[in-house]
Amino acid sequence: MPSALDPLALFAGLGFGLSLIVAIGAQNAFVLRQGLLRRHVGAVVAICALSDAVLIALGISGVGLALQQAPVLMTVARIGGAAFLVVYGILAARRALRPARLDAASSPRASAGLLATVTTCLALTWLNPHVYLDTVVLLGSVANTHGDSRWMFGLGAAIGSVLWFTALGYGARLLQPVFARPVAWRVLDGLIALIMIAIAASLLLGL
């Protein structure tokens with residue numbers, strides 16, 4: 001019988017968690033942008049990492065199975081999440097298409113305040129159904145296959161989230177020389193807009 005302190009489960013969770021979280025998505029795009037702006041990076045990283053830890057714990061506790069039994073809730077979440085992502089995508093597209101607005105957006109002093117940043121980060125995390133499908137349902141299901149070691153698996157996945165978001169948020173400054181040019185911000189916001197709209201479309205097509 002596997003031990004509840006099984007280090008193999010810990011590393012398995014770390015690897016599996018990173019495999020899910022490293023993919024380009026709405027949350028990662030937002031963390032990257034805040035990292036480039038060097039604004040409220042600590043708050044954003046903490047929110048993303050803590051949210052993942054909570055969602056992982058919910059999945060291991062069996063909430064993922066409950067969600068699978070309530071398709072209506074997932075449908076509502078898909079529609080609401082898609083609507084939010086479309087709005088955020090449109091805002092990113094406006095920043096990319098309007099150079100005057102771009103100059104203000106790319107200035108750290110002109111970026112959103114802490115409350116607006118925290119609210120947006122929470123919305124991108126908790127209103128995105130992909131987060132529930134990947135973290136609560138999929139990761140929770142895989143974790144539970146480890147029996148008594150499932151919480152070690154979950155701990156490994158949570159550590160992976162901390163490592164990834166910290167690296168993404170604080171490592172983004174290494175790209176600062178590239179983003180000293182306004183055109184780079186236009187490209188980034190254009191890509192963010194495409195990512196948001198594409199995710200929203202995938203949510204609606206999944207209904």
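General remarks:
- Selection status of Ala46, modelled with pLDDT under 85 and either of a type outside the set (S, T, N, Q) or in contact with a strand residue (DSSP E or B) (Cβ under 9 Å, 6 or more places away or on another chain) (or both): no
- Selection count where residues are out of contact with any Asp or Glu (no Cβ under 8 Å at 6 or more places or on another chain) and either farther than 17 Å from Arg39 by Cα or of a type outside the set (A, V, I, L, M, F, W, C) (or both), scope the stretch 172-195: 16
- Residue match in the stretch 6-27 (condition: of a type in the set (D, E, K, R), over 18 Å from the mean Cα position of the chain (by Cα) and either modelled with pLDDT under 90 or under 18 Å from Gly140 (Cβ atoms) (or both)): yes
- For the stretch 160-201, a residue qualifies if it is free of Cβ contacts under 8 Å to residues at least 24 places away in the same chain and part of a helix (DSSP H, G or I), and the qualifying residues are Ala167, Leu174, Val178, Ala180, Val183, Ala184, Ala198.
- If you go through the stretch 184-194 and keep only what is in contact with a Leu (Cβ under 9 Å, 6 or more places away or on another chain) and not basic (Lys, Arg), you end up with Ala184, Trp185, Leu188, Asp189, Gly190, Ile192, Ala193.
- Taken as a whole, the condition of being of a type outside the set (S, T, N, Q), at pLDDT 85 or above and crowded, with 21+ Cβ neighbours inside 10 Å applies to Gly154.
The values are calculated or read from the model by the stated rules, or taken from the named source; none is laboratory data. Predicted model only: the values in this text are computed from it and were never measured. Cβ coordinates were reconstructed from backbone atoms using ideal geometry, including for glycine residues, and neighbour counts include every protein chain displayed.
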